[in-house]
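Chemist: Before anything else, here's the structure in question.
The values are calculated or read from the model by the stated rules, or taken from the named source; none is laboratory data. Note that the coordinates shown come from a computational prediction; the quantities given were computed from them, not determined experimentally. We place every Cβ from the backbone using ideal geometry, glycine too, and count neighbours over all the protein chains shown.
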Amino acid sequence: MKIWIFRGILGLVVVVGLVLGGLLLIVDPNAFKPQIIAAVRENTGRELTIAGELELELYPYLALTTGSLELGNAPGFEGPFLILTNAHLKARLLPLFFSRLEVVAMDVEGLSLHLTRDEHGHNNWSDLGAAPEHHTGAGDRGDAGSVLSRDKRVPRLASLIVDGFRVSDARVVWRDRKKGQAVDVSGIQLNVSDFAFGEPFAVDSSALATVADVTANLNFATTATLTLDRLTLEGLDMKAGLQGAKLPHGPETVTITADLVSTDGRLDNARMQGLGLDVRARMQDAGNWTTAGSLDIAPFQPKNVLQRLGMGVPAPADPSALERMALSCAWTGSKDRVDISRLVLSVDNATVEGRLTAAGLRDPAFNFDLHADSMDLDRYRPRKGVDTKGSHGSKSGGKADPWSTMRELDVNGTLRVGVLTMAHCRVEDAQVTVRAKDGLMHLDRIDAKAYAGRLEAGAVLDVRSETPEWSWTHFVTGVQLGPFLRDLHGRDLVSGAVQTSATLRSRGVDAMALKRSLNGKLDFKVVNGAVHGVNMAELLRDAIRVVKKQQPGPDEPDLTRFSVASGSASIVNGVETTRDFLFLAERFRITASGQADLVSESLDYKGILTLEGSEGKFEEGLPGLNSLPVRVTGTIGQPSVNVDFGGLVRALKARGGRVVQDVLKGVGSGLDRGIEGLRRLFE
């Protein structure tokens, strides 16, 4: 009985051997090229070109070797999508009879993959990501799960086992024509051992990446686990050696490590070190198709990072500025929205906290609510006489539209600053609320405390057309001019409490056009103040005493006290007209009216200086002389005050007119200095 069993088994082996040998002699795998090409065309809509020979072996392993082949690109894209020099697959025969694919070895050589995004944002691979419609039932959820997990053609892939997988001399090219970017990763070497779905396997890879003028030697190692709907990497360790013309201090080394990375949105203890930065990140699935995580950037020196990146290094007015920066935040993200919370941004000794939201992928809308304890913007003004452009700064071949970026803004938010320093001036509890969309920006609320007073303002900037238009309104009350001007100019030229309001509008692309089209109204009132550096009352008193042949009076402080300085103006096409200027001092007052051309900056005001003020007349009055005609001419930068001496002398009908004229020239000089103080007030 046993002999018959042995003979039966031997006969079966002989028959199988004869069948396999016959298949090798009869079956020509190259005869199946048309069917393979047709199947690829039917399932992908792309053309497959098989230039090399197909070779088939059946014993002791099922082995398939391909020559060169090429897969066409998506419609609208030029060149091939994929090129392969050759590939070799060797699998065990017996498991195939049980619907299992056990690969002994898989070698791929000369694989080139070309990924492209066009000017409209369309890519050349998304059409390969979904299963054909005729493989999906009408009741299936087309958006549930991964492509592999819902594609009925590939459930048996879960039984795939690969003893060894090797990729050599591979290349991946990424071109983004919309942003003008390109990345070329070549010389890819990939070694995988003991691969099976759902089981950890080791991955060791190296490559050379080129981005712009920077090359990176990459070495990558991890333990990976692949299922039909998830790829997980554990113990990720990647090192990149960077060098190139844009890295003047290169070569630089950047390392990226992570305890775990998963395509389901999990990232544990990820860390990037290099180029003067130390960045840590975490991420996890938050449900409802969202992820949540945190980002921490340890304190670093911005100047050092910019120098190592070959970028222009700012030269701020304060050499100690931009020496320290740090960032931390938490975030949640979905397909088209990112919410940043618990934001803490530190720049030197200032800290900004709050939240920020970006909604939308193509044209994101930003919403923010930020608070800063203090901001000293003067520290970061460009230092005079220093070129802050980097040696690798970009050069524009034509005129760029300075308003194009603003037309794309979609912003709504509020910024609050505890203490803000700008132009050497200090304000407290500053707040600005901004809305910007489709080229129309509203500063709905500008509010701050300053110098014992308050500022409330609003503005609108409209850049929807080629010529920008803007409008501005403000109301200032109770601001003490002395401390304000001392901070602004270094000395308190005028003191007193000011109240002012304005409603202005203009349009234009440069300062001259804005002046030429300026229209609106403004007014001001300063009470209980003084003009420092000149005592106009003393000059008038002594001039009167000289005319009366008396000795000058006692010296008084160089200070002209006044109870009110006020005026209002209307502006039409860059010409300001004032009809009610009043300067009321203790023993005299000045009333004036006239015009100022803001384009040519010329002045023409006529006024009357009356020898009677808020506290009465001069004791040393002149009979028949109660007022002096004055005129302000010149420019805004250099005003000139003159007295109508001829008319004055004729009105006096007195002898010695030249003596009176010489004395009153001194009065005019004093007025000049007083006007100079007022001019500096409104610079």
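Chemist: Restricting to the range 322-370, give me the number of residues that are under 23 Å from ALA436 (Cβ atoms), aliphatic (A, V, I, L, M) and either assigned to a strand (DSSP E or B) or modelled with pLDDT of 95 or more (or both).
Modeler: Residues flagged as under 23 Å from ALA436 (Cβ atoms), aliphatic (A, V, I, L, M) and either assigned to a strand (DSSP E or B) or modelled with pLDDT of 95 or more (or both) within the range 322-370 amount to 10.
Chemist: Touching a helix residue (DSSP H, G or I) at 6+ places or on another chain (Cβ under 9 Å), of a type in the set (Gly, Ala, Ser) and surrounded by 15 or more Cβ atoms within 10 Å (Cβ to Cβ): which single residue out of GLY276, GLY244, GLY265 fits that description?
Modeler: Criteria check complete, one pass: GLY276.
Chemist: List the pairs whose first member sits in the range 548-560 and is touching a residue at least 12 places away in the same chain (Cβ under 8 Å) and over 20 Å from VAL527 (Cα atoms), whose second member is of a type outside the set (A, V, I, L, M) and assigned to a loop (DSSP other than H, G, I, E, B), and whose Cβ atoms are under 8 Å apart, counting only residues at least 6 apart or on separate chains?
Modeler: LYS548/GLU620; GLN550/GLU620; GLY553/GLU620; GLU556/ASN535
Chemist: I need every pair where a residue in the range 206-232 that is touching a residue at least 24 places away in the same chain (Cβ under 8 Å) and under 27 Å from LEU309 (Cβ atoms) has its Cβ under 6 Å from the Cβ of a residue that is outside any strand (DSSP E or B) and of a type in the set (D, E, K, R), sequence separation at least 6 or different chains.
Modeler: Listed by first residue and then by second, the contacts come to ASP213/LYS246; VAL214/LYS246.
Chemist: Another question, if that's okay. Tell me, which residue of the range 585-623 that is closer than 19 Å to PRO552 by Cβ and aromatic (Phe, Trp, Tyr) is modelled with the lowest pLDDT?
Modeler: Per the stated criteria, the residue is PHE618.
Chemist: For the structure I just gave you, tell me whether ARG587 is assigned to a loop (DSSP other than H, G, I, E, B) and touching an Asp or Glu at 6+ places or on another chain (Cβ under 9 Å).
Modeler: Considered against the rule, which asks whether it is assigned to a loop (DSSP other than H, G, I, E, B) and touching an Asp or Glu at 6+ places or on another chain (Cβ under 9 Å), ARG587 comes out as yes.
Chemist: Mind checking which pairs have a first residue in the range 33-49 that is among the aliphatic types (A, V, I, L, M) and a second that is in a helix (DSSP H, G or I), Cβ under 6 Å, 6 or more apart or different chains?
Modeler: Filtered contacts from the range 33-49: LEU48/ILE37; LEU48/VAL40.
Chemist: Another question about this same structure. Go through the range 117-126 and give me each residue that's buried (at least 18 other Cβ atoms within 10 Å of the Cβ) and assigned to a loop (DSSP other than H, G, I, E, B).
Modeler: ASN124, the sole residue that qualifies.
Chemist: Right, another one. Anything in the range 228-241 that is surrounded by fewer than 17 Cβ atoms within 10 Å (Cβ to Cβ) and modelled with pLDDT under 85? List them, or say none.
Modeler: ASP229, ARG230, LEU231
Chemist: Oh, and also: Specify the residue that is surrounded by the fewest Cβ atoms within 10 Å (Cβ to Cβ); the eligible residues are those in the range 279-292 that are among the charged types (D, E, K, R) and closer than 15 Å to SER328 by Cβ.
Modeler: ARG280
Chemist: Now for a separate question. Among all residue pairs at least 6 apart or on different chains, which show Cβ distances below 6 Å where the first residue, located in the range 106-117, is within 25 Å of ALA196 (Cβ to Cβ) and the second is not in a strand (DSSP E or B)?
Modeler: The qualifying pairs are GLU109/THR85.
Chemist: To continue, here is another question. Go through the range 624-638 and give me each residue that's out of contact with any Lys or Arg (no Cβ under 6 Å at 6 or more places or on another chain), within 22 Å of LEU603 (Cα to Cα), modelled with pLDDT of 75 or more and of a type outside the set (Ser, Thr, Tyr).
Modeler: Result: LEU628, PRO629, VAL630, VAL632, GLY634, ILE636, GLN638.
Chemist: If you go through the range 310-317 one residue at a time, do you hit one that is part of a strand (DSSP E or B), modelled with pLDDT of 95 or more and surrounded by 15 or more Cβ atoms within 10 Å (Cβ to Cβ)?
Modeler: The answer is no; no qualifying residue exists.
Chemist: Same structure, new question: Would you tally the residues in the range 333-355 being touching a residue at least 24 places away in the same chain (Cβ under 8 Å) and either crowded, with 16+ Cβ neighbours inside 10 Å or among the small types (Gly, Ala, Ser) (or both)?
Modeler: Within the range 333-355, residues that are touching a residue at least 24 places away in the same chain (Cβ under 8 Å) and either crowded, with 16+ Cβ neighbours inside 10 Å or among the small types (Gly, Ala, Ser) (or both) number 7.
Chemist: I want to confirm something. Restricting to the range 597-625 and keeping residues that are closer than 30 Å to ARG516 by Cα and touching a Phe, Trp or Tyr at 6+ places or on another chain (Cβ under 8 Å), which single residue is surrounded by the most Cβ atoms within 10 Å (Cβ to Cβ)?
Modeler: My answer is GLY607.
To keep it simple, each residue is scored yes or no on (1) outside any strand (DSSP E or B); (2) closer than 20 Å to ALA359 by Cβ; (3) charged (D, E, K, R).
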{"site": "THR405", "(1), (2), (3)": "yes, yes, no"}
{"site": "ASN412", "(1), (2), (3)": "no, yes, no"}
{"site": "VAL419", "(1), (2), (3)": "no, no, no"}
{"site": "ARG426", "(1), (2), (3)": "no, no, yes"}
{"site": "VAL432", "(1), (2), (3)": "no, no, no"}
{"site": "ALA436", "(1), (2), (3)": "no, yes, no"}
{"site": "LEU443", "(1), (2), (3)": "no, no, no"}
{"site": "ALA448", "(1), (2), (3)": "no, no, no"}
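Chemist: Is it fair to say ASN217 is in a strand (DSSP E or B), touching an Asp or Glu at 6+ places or on another chain (Cβ under 9 Å), under 29 Å from ASN124 (Cα atoms) and not β-branched (Val, Ile, Thr)?
Modeler: Against the criterion (in a strand (DSSP E or B), touching an Asp or Glu at 6+ places or on another chain (Cβ under 9 Å), under 29 Å from ASN124 (Cα atoms) and not β-branched (Val, Ile, Thr)), ASN217 does not qualify.
Chemist: Filter the range 293-304 down to residues that are in a strand (DSSP E or B) and either aromatic (Phe, Trp, Tyr) or surrounded by fewer than 17 Cβ atoms within 10 Å (Cβ to Cβ) (or both), then give me how many there are.
Modeler: So the answer is 5.
Chemist: On to the next question. If PHE300 satisfies every condition in (1) at pLDDT 90 or above; (2) within 25 Å of ARG416 (Cα to Cα) but one, which is the exception?
Modeler: Of everything listed in (1) at pLDDT 90 or above; (2) within 25 Å of ARG416 (Cα to Cα), PHE300 misses just condition (2).
Chemist: Next up: Inside the range 44-116, counting only strands (runs of 3 or more DSSP E) that do not spill past its ends, which hold 1 or more residues that are crowded, with 17+ Cβ neighbours inside 10 Å?
Modeler: It comes to 48-50, 62-66, 69-71, 82-84, 86-91, 102-109.
Chemist: Out of the residues in the range 397-452 meeting the condition of being among the charged types (D, E, K, R) and on the phi > 0 side of the Ramachandran plot, tell me which one is modelled with the highest pLDDT. Quick ask: steps written out before the conclusion?
Modeler: Start the filter on the range 397-452 by keeping residues that are among the charged types (D, E, K, R), which leaves 399, 401, 407-408, 410, 416, 426, 428-429, 435, 437-438, 444-445, 447, 449.
Now restrict to residues that are on the phi > 0 side of the Ramachandran plot: 429, 438.
Values: ASP429: 95, ASP438: 89.
If we take residues in the range 397-452 being among the charged types (D, E, K, R) and on the phi > 0 side of the Ramachandran plot, then ASP429 is modelled with the highest pLDDT.
Chemist: Continuing with the same structure: What is the one condition in (1) more than 25 Å from ARG589 (Cα to Cα); (2) among the aliphatic types (A, V, I, L, M); (3) in a helix (DSSP H, G or I) that LEU539 does not satisfy?
Modeler: Of the numbered conditions (1) more than 25 Å from ARG589 (Cα to Cα); (2) among the aliphatic types (A, V, I, L, M); (3) in a helix (DSSP H, G or I), the odd one out for LEU539 is (1).
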